[in-house]
Structures are given as structure tokens and as C-alpha cells.
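**Student:** Quick one: structure below, then a few questions.
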Number of protein chains: 6
Amino acid sequence: MKPDTRTQLTTVSVATLCTALFKRGLRRQFIQDVHPLDPGKPNMVGEAFTLRYMPAREDLNTIDVFKDRAHPQRKAVEDCPPGAVLVIDSRGDARAASAGSILVARLMVRGVAGVVTDGGFRDSPEIAKLAIPAYHRRPAAPTNLTLHQAIEINGPIGCGDAPVFPGDVIVGDGEGVVVIPAHLADEVAAEAVEMTAFEDFVQERVMAGQSILGLYPPTDEANKVAFEAWRKVQGR
Amino acid sequence: MKPDTRTQLTTVSVATLCTALFKRGLRRQFIQDVHPLDPGKPNMVGEAFTLRYMPAREDLNTIDVFKDRAHPQRKAVEDCPPGAVLVIDSRGDARAASAGSILVARLMVRGVAGVVTDGGFRDSPEIAKLAIPAYHRRPAAPTNLTLHQAIEINGPIGCGDAPVFPGDVIVGDGEGVVVIPAHLADEVAAEAVEMTAFEDFVQERVMAGQSILGLYPPTDEANKVAFEAWRKVQGR
Amino acid sequence: MKPDTRTQLTTVSVATLCTALFKRGLRRQFIQDVHPLDPGKPNMVGEAFTLRYMPAREDLNTIDVFKDRAHPQRKAVEDCPPGAVLVIDSRGDARAASAGSILVARLMVRGVAGVVTDGGFRDSPEIAKLAIPAYHRRPAAPTNLTLHQAIEINGPIGCGDAPVFPGDVIVGDGEGVVVIPAHLADEVAAEAVEMTAFEDFVQERVMAGQSILGLYPPTDEANKVAFEAWRKVQGR
Amino acid sequence: MKPDTRTQLTTVSVATLCTALFKRGLRRQFIQDVHPLDPGKPNMVGEAFTLRYMPAREDLNTIDVFKDRAHPQRKAVEDCPPGAVLVIDSRGDARAASAGSILVARLMVRGVAGVVTDGGFRDSPEIAKLAIPAYHRRPAAPTNLTLHQAIEINGPIGCGDAPVFPGDVIVGDGEGVVVIPAHLADEVAAEAVEMTAFEDFVQERVMAGQSILGLYPPTDEANKVAFEAWRKVQGR
Amino acid sequence: MKPDTRTQLTTVSVATLCTALFKRGLRRQFIQDVHPLDPGKPNMVGEAFTLRYMPAREDLNTIDVFKDRAHPQRKAVEDCPPGAVLVIDSRGDARAASAGSILVARLMVRGVAGVVTDGGFRDSPEIAKLAIPAYHRRPAAPTNLTLHQAIEINGPIGCGDAPVFPGDVIVGDGEGVVVIPAHLADEVAAEAVEMTAFEDFVQERVMAGQSILGLYPPTDEANKVAFEAWRKVQGR
Amino acid sequence: MKPDTRTQLTTVSVATLCTALFKRGLRRQFIQDVHPLDPGKPNMVGEAFTLRYMPAREDLNTIDVFKDRAHPQRKAVEDCPPGAVLVIDSRGDARAASAGSILVARLMVRGVAGVVTDGGFRDSPEIAKLAIPAYHRRPAAPTNLTLHQAIEINGPIGCGDAPVFPGDVIVGDGEGVVVIPAHLADEVAAEAVEMTAFEDFVQERVMAGQSILGLYPPTDEANKVAFEAWRKVQGR
């Protein structure tokens, strides 16, 4: 994505982005049923770096496997580029953890932009307090070895029923997380900024008592005119 | 409902109302698995005005459909009477939004008493801050067009596995939402006020160390006497 | 459990305990999908005292059954020993309540250490404010009679897919609840204290910028040495 | 139940019995989501003898536990009375077996009237061929030790969300299984025989082209008369 | 639909129709998770006539309601036009019946083309033997009054997550049921006939040992030529 | 696996193999909730060759993608070795097809030993008639493009919550499918043959009226002796 795109994406909502994608025929880019551990954080924006889990076979997932420095879970945490978002395919299974506070702290220190799993985190109260956005389904105290084996770094995955390719642009806000295909990120971000200006105008008019009919969408010409005037005043 | 009934219903809990309905053989009036976006609001009370969604067929749910002022979703928002609660049948599907902050703000400005869906809202952090109670299953950023087509205004529906007829009295608190059949609202409200007085008395006694046996329910005559005395002191 | 064990268990996390149990081949001791009504409380620790619900048959679950002082739900509340945790098998069904604020207040006053259900509580906002830890799946306003019949006190049960035997040690924190088999409580608590010291050391190092490779687990000898030095300084 | 009741229950359908129970306010006696392994068998009728499983703790469920002759699963198979139906509470979990063909064959040889689980059987193709009716959710090859620990014989249980007390009368047909409270078995059986006669008459009339209006139920007096005439002819 | 369309639709598969709809951007027309009670029947084809259930409120759903000749369930059975398919919206809830053998027999005698519910039928073994195609999720012995209240005849509904409008063309085979929007029925039927010819050709070639590469789809010109020759020989 | 192993595995049941794996600490090798399209076929045995689907992004999954001869779904069908079993990770999602009859016929002609998906097949009635074992969750008429994008051939996957590595030995019977880790195949097969002999002996004794106590397992020495004698007579 272009340098400006990242900035733009910090100012728009996941809901607005979903609508921009819907207009392009993409209906399944919202990661279903994940939420922020700390809903008060600013937007998470970054390119997807992925980790895939498969079901754990017991003999391959003893506590000793972490002695291997090349273990994919640990390697993913050290390899995820600063500014990227680590997206974890946990097959929607939150019965065991996808990661815990030590790994998420390491991601934070390394400058990673955020972390998402369609499973759950352990140490979730601690992760909520770290200065890195994190999204999951629900807390999961059992170690990942209990059910998940990290098997692939940075391949295409599913997360919360959404398709995620490495390099797709991931945006999270207080509501959830959306996956923007890499080639659409710049145009979708620009369009979302425009949409947000209009929605802010509409919200202001609605709060002032105006009906949504003819305003949202602006099928009354007068509302289009009023919006243009509002933009000038607002400098947007 | 009678004018007093609305006032009474702001002072009792959904749990107490469920028990009053249970005594009348009504076991399925609690809307399952919805919660308030802002649990700190006062009780929501109003007569049901409904909106029903069916699964969206793609060709009938392009972004342009909102240009039609008669679109049922938009019309429902403008038609829902002040003081009523808009109850939305989203077939329990929270993968796409039932509505967003602009529509909910319009409901608020119009004096609507609250809004409930067994799906999810988009712009949920903004809706949580509006001065109107809203209940849903979980946040859902994708536009309603993605999966839901608004098809009927103010007919009988299901919401969270509960039957809802237009005019039924809807009450929500920090725990959830209950549907009181219209013809029972007055008597159930009155009974719930009585039950609440007794439960407050019991809670006070329990906090003071009394056993629940013989007290809750008051099978010991002494507890009935004590309750009557307490009521006089409390003026309830 | 030994007197010290209870104290130790107030200082460690459920996640750490799950790992200690995992090392012993126990992978299913985490109670799935329950959360604290008030996540800010200190750890809940106590021996399990159980209550089992079966599906309610309508004729056996009228409002009058509570007039029987021997009703198992009410009896369990009066019988649960101070310091114990009441664990309720609600068959994972949160459509009706497992208990409400009056019963939970009574447990609190009696000195019970906490209460857990894999169903839901009614009066959940009030329970959240009581000075007793409580865990459930989601709020459930309908009286337990609607779907649950209390049938057995202090037998072996399942709760959130975990096996619970009376006397097992139950620990809850802001993340969830774990079941420690009685005979393992002392050794698991001691081990968890050790693990927590190491994890605190690791977290400190990670926050200071160190890689997790060779540190977590400490396959680099230098990290073992540093940890021992840290312990001395910290007096742990 | 009376001797005649068992005979009567072999001639009526589970659906008819459910309606007779519904008339008495009992709406949850159908065991949800179980089906016969061999749908061609005659009705299963017998008094409930129960077995309850709890989640299996790994250290208590090694392959060696079956060396204990008192293991509740094996004991239940030897203790279940001839003519009874063994009803197993598997918590609706069909990921591991409730029993296999050897145990079911033993039940058959012992004269047990049938077996029901809300989990699954292993060796299901073989069980389907045995001369004993068996009902489950779906096949489950893993040994019960994998997830289930047999914990209680002949106590009250839930099975497929239905309440089951020892001695309740269990009836299964090609459609499913219903639980008749013991004290109602005689009257419900008699009523079902009457209802079946009427439904057979109605079915015959419908096949002959008559409308259901006025016939089902027989609000037209003429249909009542015709039914009485039909009964005489049929000798029912 | 045109007279020929019905005939054409008896000769093609639901899978082929789904692909024809997919090409037109319609991805959700397959009724999810229903199957034929008798998989051996010929294709079901007819225009949709609908019935909608809402959750049953206990006081409105006593056994006496059927004495009302205008009860929507009974009325729908008498009103559904010959040649149409009765499609029932049971909200995907198969815990109680959508209909039983007497009503389905009446539909059959009246010349109705078939019946579909996303719930379950009671008397399912008898319905399977009737000469009318019927599709459901699973058998459900409890009367519909237990959980379902018939509320609307021939309005737009959802069935198995598919949108169904009255007059849409419903096709069922041994695999499942698809909903063809009314305005597309003729062209989709014609296209499916063409596709079926090609797929039959491909299947024949594959059985003879040819690779699918270049054949399916026919990116090799030679395969297009071979198909045209095959059509001439086959007279298709 | 050794040449004999394949033969041995055609003679034992999936249930027996699950027990042999359970004894080795492997509890999750049964592919959950899949069943044979034709339960009458002989055992399926072969080494796993895998295909992984991710959620389909609409712009990457138009009908034209199959014109690419390198499309992973089509390539997998041509590349799967004779004698292997194609195991498809469909993320447990049976709302769209994993494959249809043409592809499965091609697998059959190429000598592939079987095909398994934790989703569903289209053309399932036709696949059931082919001379190749096929297992799925339920029929799914919509083309795979609707929800699934084939993304990886012969990597490690999950299928029905079981871990599957390429080369693992897959065995299916009338009940379901089990995954035997490659390195255990020979020893597990041999052990299962032994276990099957014993179970056949036990089944014979049980049918003759013997109690399971002391027999299954053979804690009575007499039963061990009898088994040895039986083996000699049977030549097993």
C-alpha cells in the first residue's frame, strides 16, 4: 500500500471498509466473530503476515517442541515484519490458545502492528494491557500444544471464514477486523475516507433532526449541495 | 399498556418479569443471546414495532436499493412510533449488520425507546454511546445487504427464539430483553413490582446473614410478618 | 490441599496451571467458554462442591417446588462449605438461569470462595457487584425451573467439558477457570509458582528487547544463569 | 406399567405419544437428534435403566480400567434388567463411542429391550444387524475412554435434552425415541391407541380425497359419526 | 415458467442448476442441510407456495387451535396449488415437526408437487412411502404446536438460509433442493440441459480413461469437436 | 507401509484401529462427522495425498478459473497417486461442494483408493454408485467456487478435526475414517489383526450367552485359554 494509505486507514471504520468492498463484489472479507481485547485502542493497520495451525497430534506436540528454535510459532513471532499484522488461522477453535502474553509482548517490542486469531489468547488480561492491538474469539488458557500445531508461516489462510493472503491489508477497530485485498488497498482507503466524510455529515444532520429519507443516500439534490458546503466549512 | 405500567417496568428486572411470565406458563419470552451495547443504561421499555429480514438474494440487494425511499429498512426507521421499541428478526445471523449508527441515531432523535436485533449492529462502538438502548448478539461490520433483505414491517416475528407480536411490551435491562404479551403487560408489571419489593427485602436479609430456607420463598410465617413490617418502613 | 497451596494458587494464572497439567497428560481441565462476571476480582481458589442439573420436566418444576426446604438447588447453597467453590453442571445450556443474585449473595455471606456454571446467571449485573467471584457463559434471565432441575449435590460432574470431582481444586482468574485434580493440587501449585517466576523474568527480558529464541524456553545457558541471578535479586 | 401397556406401545407411533404428552403440558420428552441404526425394526418398548457419562479425565481412563469388573459401563450392561431400555447420557457428545457391538450384543442376549445414547456407537454397522433396537446420534469409532467416563448407574439423567428418570417408559420407532413419565405410561398408551385409530381413519379418508378441514380435528359432526361407523367395521 | 421448463427441470441435477445460478452471481439458492425422505424419487419441480412459522407462544398454541379451519398450517395445505411446492420456513429448527403424514398425504392427493421444510417432519417413515417428494433436516416427532406457530401463507421467506419468494421455481433431486428465481427459470433450465449434455459427455470420456485437463472445461479444441460429434450421435 | 499392511487393514475395523491408537496416546485420529456415501463398500486403505481449501474470495473464484490446467483442485485429481487416498480439508464447511462426480470418477479411473472431505460432495447420488469409496459430511450441490478455493496440494492439513500428514495411512469402513501416522501403520495394523481375532472370539462367546465380566477384557485365565484354543481351531 502507498504510504498515505496506512494513514488514511487509521481514520476510517471497518464497517465503512466493508461497504467499500461490498460495492466491489467482496462480501466475505470481515473476519467473523473476533473482537479486540482492548476496544479502546486506535485502529490497527498493517499488511498480513500469516501463521497456520493444524490439529495437534499428541506425539508431535509435547512441551519439548519449543526447544526447537525453528518451531513455526516462535519463528513466526520473530519473523513477522515491523508494521505488519500477524494473522493466525486457528480453524476457529478457541479451546486452546493461539499465543500468550510473552509472544504478543515480543511482537509489540518488534514493532508489529497487531495480532489476530480466530481462536483465543492465553494471558488475555495481560495482553489487553499491552500497547499492541490484539483480536480473538474468547480467552483460552490451555497452551496451544493442547490442540494446535503451528505448521506454516506466511501462506494463504482462512481466518474467521475470511480469505487472507500474505500482504493483504488488515484493518481493525473497536468493532472487528477486515481483510482488504492488497491490490485494492489504496483505492478502497481513498474511497472510505470520502464515505466517512459523507457519513459524518449525515450523522450530524440526523442528530440535528433531519430524516434519513433523501439524505442517506442523498437522493435529494439539496442534500448533495449541503454536503459540498459542509465539506468546505470542515475542510474535508 | 396503561400509563403507569411503563413507569413500573423501568423499576423491575427482566429476570423478575421472566418469573412472572413463567408462572403463567410462558417459558420462551426471553430473547436468547442478546446483550446491551451499553450495559449501564436505564431500562428500555416500549411496545414492539417489528422489522423482518429474510436471506438476501444478491441481485435484489445491491447498494442502489437504498435509493428507494420505500426500502423497508429505512421506512421502518422512519415509521417506528416514538416510545416504541424496534425489534428486528435477523434469523439469529450476526454475520452481517442489522443496522448502523446513522439509523440508530435517527431512531433516537425520533424518540424511539430502543432497538433490538438477534443479529448484530455495525458501528457498534458509536451506537453504544448514543442515548438509546440497543441490544444485539455481536458486532457485525458488513452492511445488511450482504446477508439480510428487509421484507416486512410490523408483522409477527421471532427474535432470539422468542415470539414477538407488534404491540407486545418489550423490556430490556443490563442482562437482556423480555417480550411481555400485550394483554398481560399491566398485570405482569404490577406483579413484578410486588415481587421486586419482596426480593429486595430478601436480599437485605441475606446480606444480614439470614438463611434462604424459609425465607425465599417465605414458608416461615415469621418472614411474611417481617416483610410486611419492612414494607411499611420502606413505604413500598 | 495444604494450607500454603491455597495461598500459592492466588498468585498464579489459570494459563500457567493449564500448562502444568498439560505436562502431566491432562489436557481437558480448563472449563470451556465461561468468563468472570467481574474480571477485576482476585483469583478464586477453593475445593469443588458440585451441583448437577438435568433437563427440567414441566410437572416437576413448578414455582412451588422451592417451598421444599430440601430442594437440591437451595440445599446446595446452604450446604456448600465455606472456602469451597460451588461448581454447577448446567449441561452448557445458558437459555435458563443456574442461579440468581439472592442465592449467590447467600453463598458469599456463608464464606463460599466462588461459583461457576457452564450455563448462565440471572441478575448478572447485581452478581457482578457482589464480593464473590462468579463465572458463567452468558446472562440468563429465565428462572432455572424453565429448563433445569437440580438433581444431585456433590457428585462427579462435567462443567464446560471438563471433569469435576468433589474436592478437586478450582482456580479462576480474569481469563477463566481450571480444575486441578485433588491429588495434584500441592505439586501443581508449587510448580506453577516456579513457572510464574520464570515467566515474569522472561516477560521483563522481552519488554527490554530480548528475542524469545533461546530464552523461552531457556535453551541458551546464559539465560538460565541470568534467571538465577534475577531470582536472587527479586528474592523469589 | 401394566402388562397391556407394553403391548399397546408396540402399536403406536412416537409422534402420537408426543402429542398425548403435549396435551398434558409435557413438551420436552422427545430425545432430540437420535435415530435408529436399523429403521426397519419393530417398536422398542421398555422401562428406562440409565447410565451417565461425565467427561473423561485422562489418568482415570486408561485401557486398563476395564479390568475392573465393577467398571460402571460394564456393570450397567450386566445389570440392566431384561425388558428394560438402557438409556445413556453422553452429554450429546458423539466424538467418542458410548458403547460397541460386543456390549450391545450382550444386552441383546440378556433380553434387554433396546439401547439409546445421545452420543454415538462404535461398530455401528454390526450393531445395526443385531436383533436389538439401538439409537444414537452418529457413528463414533473411538473408544468411550477417549472422552467419556461412566460414572453413575440408574440415576436421573438427561438424554438428547429430555429428562429421563429410571423407570420412565421409553418407546422408539423408525423416527426416534420418546420418554413417558412412569406414572403416565398406562393412560398415555391407552390414549395413543385411541388417537391412532382416529389417525388411521383420517389417513384413509384423506387418501380417498377428503379435505382435512372439519376432519382433522373432526369439527364436522358427520366425521365423528363416520369414524364411529368405521371403528365398528374395523373392530377397533 | 414455460410449459417446457418444467419438463426440462426433471432431467437435470440440482448441482448443475446451482452452477448455472452461480454464473449469474447467485450463490445462496441451495437450501442448506435438507435431504429427501426417499432419495429414490424422481425430481421435484414446482413453483414455490410458502408457509412461515414463528416461535410458538404457549397460550396461542394449545391443541384446540386446529379446530379453527382458518389455522394457517391447515389452510396452507388446502390452498397450495396443484403442481406447486410447499416450502416451509421453520427457522431451521427441527426440534418440533413442521407437518406430519396426514397433511403431506393431503398435499399429495391434491396434486401438489412436493414439500420442503428446513425443520423436520413427524411420521417421517410414512411420509417417505408416499408418492410425493418431501425434504427435511431430520425427523421430529413432537407436534408443530410445541415450538412452531404458522403465521403467514405465501409471503417471502427464508428456508435453509436460501431466500424464497412465492413463485420461485423449486427443484429437488436425490441430493437436495435449489430455489430458482422466477424470472430466471426458463433460461436457467435451458442452460442446465445444455450443461448436462456436456457433463454426460465428459463423464463418458472420463470413464473411458481421458484426463480432465483440457476436457473439463474443454480448453482443448479437440474436445469441443468431439462433444459436437457426440451430440449428433446421441441426438442431444 | 509394508505390502502386507495394506491387506491387513482391509480386514479390521476403524473402531479397532482407534483403540490401537488410543493405547499409544493418540486420541484424535478419527475424522469426525464424515460418513461413506455407500456404506456397503469394502474398506478403503491408502496413503494420504492431501488438498487444502481456504475460504473463496469472489474475484479469484469465477467459473473461468478452471480453464487454468494448473488449478490446484484439478491438478490434485490428476496428481494423486494410484493407491493413495485423496483427503480434502474443507474446513468442515459443507455449504459448498469439495468435488463432484466427474472428478471422483477420474480419481477412480486413475486407481486412487478413495476420497474423503470434511465438507460435502455434489452429485452425491452418482458418486455413491462409483466403484471408489467416498466419505463426506453431507451433500453439497453448489460448486466449490462458491465458498472454497483450492490452495495447496499435499501439505499437512486438518480434516474433521484430525491431523493429516501426507503419507499417513487412511482407513475407512462403513462407520468412518481414521488417520494412522505413517510410522505406526505396520505395527498398528498387526496389532489390530490380533485385536480383531480376540473381539471375534468374544463376540462369539457373548452370542452364546457368556457374560462380558472376566471375558472382555479376559481377566479370567480360563478365557485366555479358551481364546488360544479357539485361535487354533480357527487357524487365526
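**Student:** Treating only the Cβ atoms of Lys and Arg (+1) and Asp and Glu (-1) as charged, compute the dipole magnitude of chain C about its Cα centre; round to the nearest 20 debye.
**Tutor:** Magnitude of the dipole: close to 300 debye.
**Student:** Which whole number gives the average, over all residues in F:112-123, of C-beta atoms from other chains lying within 10 Å of the residue C-beta?
**Tutor:** Numbers: counts 0, 0, 0, 0, 0, 0, 0, 0, 3, 2, 9, 9.
Averaged over the peptide's residues, the number is 2.
**Student:** Here's a follow-up. Considering the Cα trace of segment E:1-144, what is its radius of gyration and what is Dmax, both in angstroms?
**Tutor:** For segment E:1-144, the Cα radius of gyration and maximum Cα-Cα distance read 15.6, 49 Å.
**Student:** For segment A:133-168 and segment E:220-236, what is the centre-to-centre distance using only Cα atoms, to the nearest Å?
**Tutor:** Each part reduced to its Cα centre gives a spacing of 48 Å.
**Student:** What does the copy distance list look like for residue B:222, label position 7 Å along Cα→Cβ, in nm and ordered from shortest?
**Tutor:** Once sorted, the set of distances for residue B:222 reads 6.6, 7.2, 7.4, 7.4, 10.1 nm.
**Student:** I need the inter-copy label distances for residue A:2: point set 7 Å along Cα to C-beta, values in nm with one decimal, smallest first.
**Tutor:** 5.1, 6.7, 6.8, 6.8, 8.8
**Student:** If you don't mind, another one. Whole angstrom only: what separates the Cα centroid of segment E:31-57 from the Cα centroid of segment D:53-90?
**Tutor:** Result: 41 Å between the Cα centres.
**Student:** So if we plug the beta-carbon distance of residue B:69 and residue A:11 into 1/(1 + (r/R0)^6) with R0 = 35 Å, what FRET efficiency do we get, rounded to 0.05?
**Tutor:** FRET efficiency, residue B:69 to residue A:11: 0.70.
**Student:** Using alpha carbon centroids, what distance separates segment D:173-203 and segment E:1-29, in Å?
**Tutor:** After rounding, the separation between the Cα centres reads 43 Å.
**Student:** Let me ask something additional. Past 29 Å, Cα to Cα, is the threshold; run A:67/F:75; F:75/F:129; C:23/C:224; E:224/F:75; B:2/B:41; E:2/F:129 against it and keep the listed order.
**Tutor:** With Cα atoms farther than 29 Å apart: A:67/F:75; E:2/F:129.
**Student:** Here is a further query. For chain B, what is the mean residue ellipticity at 222 nm derived from helices alone (per DSSP H run of n ≥ 4: -39500 (n - 2.57); sum divided by total residues; nearest 500 deg cm²/dmol)?
**Tutor:** Rounded to the nearest 500, it is -10000 deg cm²/dmol.
**Student:** As an exercise, take the mean of 1/r over every pair of distinct alpha carbons in segment E:111-236, invert it, and state the Kirkwood radius in angstroms.
**Tutor:** Computed over segment E:111-236, the radius equals 18.2 Å.
**Student:** Smallest Cβ-to-axis distance in chain F, for the rotation taking F to E: which residue, how many Å?
**Tutor:** F:138, 6
**Student:** I've got another one for you. Treat the count of other C-beta atoms within 10 Å as a stand-in for reagent exposure and order B:191, F:194 from fewest to most.
**Tutor:** Neighbour counts put them in this order, fewest first: F:194, B:191.
**Student:** Residues of E:135-145, mean number of Cβ from any other protein chain within 10 Å of their own Cβ, rounded to a whole number?
**Tutor:** Per-residue shielding by partner chains comes out at 6.
**Student:** Let me test this: with uniform point scatterers at the alpha carbons of the protein assembly as shown, what is the Debye-based log₁₀ I(q)/I(0) at q = 0.09 1/Å?
**Tutor:** -1.44
**Student:** Can you list the copy-to-copy distances for residue F:40, using a point 7 angstrom from Cα toward Cβ, in nanometres, shortest first?
**Tutor:** Listed shortest first, these distances are 1.1, 1.1, 6.8, 6.9, 6.9 nm.
**Student:** Also, quick follow-up: Given the options C:217, C:139, C:125, state which has the largest fluctuation in a GNM of chain C using a 10 Å cut-off (strictly under) for Cα springs.
**Tutor:** It is C:217.
**Student:** In whole percent, what relative contact order does segment D:155-235 give with Cα contacts below 8 Å and a gap of six or more residues?
**Tutor:** Rounded, it is 15 percent for segment D:155-235.
**Student:** Identify which of D:179, D:169, D:65 has the largest mean-square fluctuation in a Gaussian network model of chain D, with springs joining Cα atoms closer than 10 Å.
**Tutor:** Ranking D:179, D:169, D:65 by mean-square fluctuation puts D:65 first.
**Student:** For segment C:1-92, calculate the relative contact order in percent as a whole number, restricting contacts to Cα pairs under 8 Å that are 6 or more residues apart.
**Tutor:** On the way: 58 pairs, mean separation 31.2, N = 92.
With pairs under 8 Å counted, the relative contact order is 34 percent.
**Student:** Something else now. Taking every residue in E:97-105, how many Cβ atoms of other protein chains lie within 10 Å of its Cβ, on average? All intermediate terms of the calculation are to be shown ahead of the outcome.
**Tutor:** On the way: counts 5, 0, 0, 7, 6, 9, 3, 1, 7.
Mean shielding count: 4.
**Student:** Starting from the 7 Å offset along Cα-to-Cβ, what nm value, one decimal, do you get for the label separation of residue D:194 and residue F:78?
**Tutor:** Roughly 7.3 nm, to one decimal.
**Student:** Quick one: what does P(r) look like for segment E:196-236 with 10 Å bins over all Cα pairs, in whole %?
**Tutor:** Histogramming segment E:196-236 at 10 Å steps yields 33, 61, 6 percent.
**Student:** Quick one: of the DSSP bridges fully inside the protein assembly as shown, what percent are antiparallel, nearest 5?
**Tutor:** Bridges in the protein assembly as shown that DSSP calls antiparallel: roughly 60 percent.
**Student:** Could you identify which residue out of C:75, C:224, C:129 has the top mean-square fluctuation in a GNM of chain C using Cα springs shorter than 10 Å?
**Tutor:** So, out of C:75, C:224, C:129, the one fluctuating most is C:224.
**Student:** Normalised by the residues of chain B, what does the relative contact order come to in percent, with Cα pairs under 8 Å and at least six apart?
**Tutor:** 29 percent
**Student:** On to the next question. Roughly how many nanometres apart are two label points built 7 Å out from the Cα toward the Cβ at residue A:219 and residue A:60?
**Tutor:** Each label point lies 7 Å from its Cα, and together they span 5.7 nm.
Bear in mind these aren't lab numbers, they're just calculated from the coordinates by the rules spelled out. Predicted model only: the values in this text are computed from it and were never measured. Using ideal geometry, Cβ is built from the backbone for each residue, glycine included, and neighbour counts are taken over all protein chains shown.
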